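Worksheet: one structure, shown below.
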Amino acid sequence: MRGRAVPVRPLQRPVLPFLPVDPSALRADKERTRAMRAQAGAGPAMPAPRAAAPGPAVAAEQVIARFPVMSHDRQAESYPQYYGISPPDTQLAVGPTQLIEAINSTLSAWTRDGTFISSRDFAAFFPVPSDQFFSDPRILYDPLSQRWFVSGLSVTAGLDDSLVYVAVSTSTAPDIQDPASWHVFTLPATRSGIVRDQPKLGVSSDKVVISWNDFNSQKQFVGSETWVLQKSDLLAGGTVAYAFFTPDPYRFNLVPAQALSPTSTAYLVYNNSMVFNYGSLGIVWLTGTPSAKNVAWNEVDPAITPTSMPPDGAQPGNGPGIATNDDRTLSAVWQYGLLWTGTNTACTPPGDAVVRSCLRLIQILTIGAAPRITQSFDVGQAGMDLYYPAVTMDAVGNAYVSFTLSSASLYPTAATLVQRAGVANVVSGIIPFQNGTGIYNLTACAGGENRWGDYSAAVPDPLDPSSVWVTAEYSATTATSGSACALNWGTATARVTLPSLPNRVYLPLVANQ
């Protein structure tokens, strides 16, 4: 891979901080909203479960295949205008014939054995105006319709306006270069002067749900928006019926779930510990359809042990801390009555005396009158920081998690763990599938935070019900490795399974000397 000169201040994705307009007023209104929902029959909150440290490790995952996918240098080599863009916002979906990865500004297609096929600029994939740039992609392969869905936004350089997009493939094996392979839609903008940050995407049997956070031109949070699109209309490529909920300043960062089995109910989750300091999880389920004009919002907010802002992830030597952002929910998946979600949080792992960045994993049972939490626990490891989890399930309900980990002796590394179905609060040991190779230092390039994330990815394999693909960010060897300004993010993916045999060899967790 050819190197290139490092500019003094390379382009960096703008940071959108959360700046509440009036936190005390928001909290007071949240109390009133909670009381009104309870009076309307939302149900009482369950007692807060004790945050459980994972017990003895269960049989470990087996890594079937693993390989690096897009990196900073590879993207910048083909698209020099995106040199310095960070973080990559890692997203990857898997179909029967290919993998498609969405990385901040580009799509890339890969064979199932890791051979690069092609890439495409999101500014050409979506109708992005010339005065805006694209960001925050999400991508999924929907096993219910056997189609691919992509979403994201474009935003002005001044952060004073934006557009949200969604695309659906016309076949199971689309060509990312061919416009005829995709139906592309721009969502109507209900108001101007708004940055629609991090639009997150989920599907059910009959609905596609997109939810995002609205920020005004002063970078103040002014509400979350949730849109419900008629799935059959998207698949057909014609006029799309939709319903939307007006901007809500009392819910932040709702994450729609991807349904892996048939359901006419769409689920969303959000963390009330984030922003409003409530020890509860917002669980939303949407019924009805836009075409029938009967979309209904239902919600309960069961108690959880509150999460908290995680510390930065450590790096070897004098490497600056990896920004772990905050404790918002990051991904959600639903299958046969079980809903999983995950977030960053702070915890002190067993055997450690230092607060680390950890993973909070939450399982919800959606069978019955209202969803209820069945597991809520933190995963940490002494001496290490874990961050940006994504969770999915295989066909029998084993839960797989992808994330990044690092420490004072380990460069940022892509890793995974698993919880066997039916074994509550117990996870496997951590398995790295792509070891980091150097210090990551975006701060030295452009100032500000040492941005990382904002997501990881975990998805089931449509050809093998017993395996899933996990994808995360790691520090790669690139043209800037070893220099003060190290723009060396990379992404890697692995296909993993949980064997029925109890004894499997772990991949070594290699400490850097």
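The values are calculated or read from the model by the stated rules, or taken from the named source; none is laboratory data. This structure is a prediction, so every number in the text was calculated from the model and none was measured. As a convention, Cβ positions derive from the backbone with ideal geometry for all residues, glycine included, and neighbour counts pool all protein chains shown.
Quick one: how many residues across the stretch 256-283 are part of a strand (DSSP E or B) and either hydrophobic (A, V, I, L, M, F, W, C) or in contact (Cβ under 8 Å) with a residue 40 or more places away in the chain (or both)? Step through it out loud before you land on a result.
To start, the set of residues in the stretch 256-283 that are part of a strand (DSSP E or B) comprises 256, 258-259, 266-271, 280-283.
If we keep only those that are either hydrophobic (A, V, I, L, M, F, W, C) or in contact (Cβ under 8 Å) with a residue 40 or more places away in the chain (or both) too, we end up with 256, 258-259, 266-271, 280-281, 283.
Adding up the residues that qualify gives 12.
Can you find a residue in the stretch 373-396 that is on the phi > 0 side of the Ramachandran plot and either under 21 Å from the mean Cα position of the chain (by Cα) or modelled with pLDDT of 95 or more (or both)?
Yes, the stretch 373-396 contains at least one residue that is on the phi > 0 side of the Ramachandran plot and either under 21 Å from the mean Cα position of the chain (by Cα) or modelled with pLDDT of 95 or more (or both).
Within the stretch 324-342, is even one residue charged (D, E, K, R) and in contact with a Cys (Cβ under 8 Å, 6 or more places away or on another chain)? Full working, then the answer.
Our first condition is that a residue be charged (D, E, K, R); within the stretch 324-342, this holds for 326-328.
Imposing the further condition that a residue be in contact with a Cys (Cβ under 8 Å, 6 or more places away or on another chain) reduces the set to none.
No: zero hits.
Which of the numbered conditions does S466 fail, given that it passes all the others? Conditions: (1) polar (S, T, N, Q); (2) without any contact (Cβ under 8 Å) to a residue 60 or more places away in the chain; (3) over 22 Å from Y82 (Cα atoms).
(2)
Hey, can you tell me all the residues within the stretch 284-296 that are hydrophobic (A, V, I, L, M, F, W, C) and without any contact (Cβ under 8 Å) to a residue 60 or more places away in the chain?
Across the stretch 284-296, the qualifying residues are V284, A292, A296.
Given the residues D197, D206, which is the only one that is of a type in the set (D, E, K, R) and in contact with a helix residue (DSSP H, G or I) (Cβ under 8 Å, 6 or more places away or on another chain)?
D206
If you check I304 against the conditions, is it touching a Ser or Thr at 6+ places or on another chain (Cβ under 9 Å), at pLDDT 95 or above, over 30 Å from T263 (Cα atoms) and of a type in the set (V, I, T)?
So I304 fails the test.
Collect the residues in the stretch 453-480 that are part of a loop (DSSP other than H, G, I, E, B) and either closer than 23 Å to L405 by Cβ or within 16 Å of the chain's Cα centre (by Cα) (or both), keeping them in residue-number order.
Listed by number, the residues that qualify are G453, D454, Y455, S456, A476, T477, T478, T480.
Going residue by residue through the stretch 301-313, is there one that turns out to be in contact with a Cys (Cβ under 8 Å, 6 or more places away or on another chain) and buried (at least 24 other Cβ atoms within 10 Å of the Cβ)?
yes
Taking the stretch 142-159 only, how many residues are in a loop (DSSP other than H, G, I, E, B) and either farther than 18 Å from G202 by Cα or touching a Gly at 6+ places or on another chain (Cβ under 6 Å) (or both)?
Residues meeting the conditions: 3.
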